Each structure stands twice: as structure tokens, then as C-alpha cells.
Amino acid sequence: MNNKDIANEWFTFADNDLKSAKFLFHMYPAPLEIICYLCQQSAEKYLKGFIAMNGGRILKTHDLTLLNKTCIEYDQSFQKIQGACIELVDYATQARYPFHLELDEHDQKKAVESAEKIRKLILNLVDNS
């Protein structure tokens, strides 16, 4: 399997996570923690897919800021999504376990927007390569 095929597998899983988050967004009451977690997962998989596309080693981490730093080594435009990565990074673990997170509708909306921003940047770079 070549790098592009591996990356596309990551992107497919990332899309499914984001679609699921958007679907759950319309539930009442919305499962805020799950939505935020799925947005983090989508971003993580997009970043890992971009690393795979460039032949890099996939780090076993949920830290979006670390993954984004690796992506910056391939393309400086990843600096544009540092804020989005920071926005989502805590949802990797805190939203999955019974930690007390004070989330509201604004948080879930911001999580979806951040995941979309990461998705858009990566797919634009992939389409233009």
C-alpha cells in the first residue's frame, strides 16, 4: 500500500468521526462530551493521515499540538490551525472518562468548527499536491 492509500484510510475514518459528531449535534439533549471527543478524533486522524501521506512515522499520541508540529515540518501552512489543535487537544481523554468537564453548546459548536478547519486545510493541501 502506498502513502496516498494509507492517508486516504486515515481520512475516511476522520470523515466518519466528524460526520458522527455532526449527527449527534442535533440530538436533544446533545451528548456534548462525545461530540467534542469525536471532533478531536477526527482532527487527530486527519493530521496522522497527512503525516502518512508524506511518508512520516505515525506517532502514537493523541496530542494534536505535537502532531501539528510534525505537519508544520512538511508545510508551514499548518501554523494556521495551531489554535484549532489547542482547542481540541483536551477532548482526547477528558471527554472519554468521568472527569468533570463543564461543557456547553458553545463548546460543541467550537469543537466542530475547529475540526472542520483542520479538515479543510488538510484536504486543500492534499487536493493541490
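Read-outs throughout are calculated quantities, based only on the coordinates presented, and are distinct from any laboratory measurement. Here the structure is a predicted model, which means the values were calculated and not measured. As a convention, Cβ positions derive from the backbone with ideal geometry for all residues, glycine included, and neighbour counts pool all protein chains shown.
Given springs between every Cα pair under 10 Å in a Gaussian network model of the chain, which of GLN40, GLN76, GLN108 has the largest fluctuation?
GLN76
Suppose every K and R has +1 on its Cβ and every D and E has -1 on its Cβ; what is the size of the dipole of the stretch 48-98 about the Cα centre, in Debye to the nearest 20?
180
Using the 10 angstrom Cβ neighbour count as an exposure proxy, how do SER77, SER20 rank, fewest first?
With the sparsest Cβ surroundings first, the list reads SER77, SER20.
If you place +1 on the Cβ of every Lys and Arg, -1 on the Cβ of every Asp and Glu, and leave all else neutral, what size is the dipole of the chain about its Cα centre, to the nearest 20 Debye?
Result for the chain is approximately 320 debye, rounded to the nearest 20.
What net charge do the residues around TYR74 carry, taking every other residue with its C-beta under 13 Å from that of TYR74, with Lys and Arg at +1 and Asp and Glu at -1?
Around TYR74, the surrounding residues sum to +1.
Return the sequence-ordered ³J(HN,Hα) values of the stretch 120-129 in whole Hz as given by the Karplus equation 6.51 cos²θ - 1.76 cosθ + 1.60 applied to θ = phi - 60°, using x for Gly and Pro.
Running phi through 6.51 cos²θ - 1.76 cosθ + 1.60 with θ = phi - 60° gives 4, 4, 5, 5, 5, 5, 5, 5, 8, 8 Hz.
Let a ≥ b ≥ c be the square roots of the eigenvalues of the Cα gyration tensor of the chain; is it rounded (a/c under 1.5), or, if not, prolate (a/b larger than b/c) or oblate?
Because a/c hits 1.5 or more and a/b exceeds b/c, the chain counts as prolate.
Have a look at TYR46, TYR37, TYR28 and tell me which one the Gaussian network model of the chain (Cα, springs below 10 Å) gives the largest fluctuation.
Its mean-square fluctuation being the largest, the pick is TYR28.
Which ³J(HN,Hα) values, rounded to whole Hz and listed in residue order, are derived for the stretch 78-90 from phi using the Karplus coefficients 6.51, -1.76 and 1.60 in 6.51 cos²θ - 1.76 cosθ + 1.60 with θ = phi - 60°, glycine and proline given as x?
Taking θ as phi minus 60°, the curve returns 5, 4, 5, 10, 4, x, 5, 5, 4, 4, 9, 4, 6 Hz for the stretch 78-90.
In which sequence would GLU73, GLU116 go, from the one with the fewest C-beta neighbours within 10 Å to the one with the most?
Fewest-to-most ranking of GLU73, GLU116: GLU73, GLU116.
Using the 10 angstrom Cβ neighbour count as an exposure proxy, how do TYR74, TYR91 rank, fewest first?
Neighbour counts put them in this order, fewest first: TYR74, TYR91.
What number, rounded to the nearest 500 deg cm²/dmol, is the helix-based mean residue ellipticity at 222 nm of the chain, given -39500 (n - 2.57) per DSSP H run of at least four residues and division by all its residues?
-22500 deg cm²/dmol
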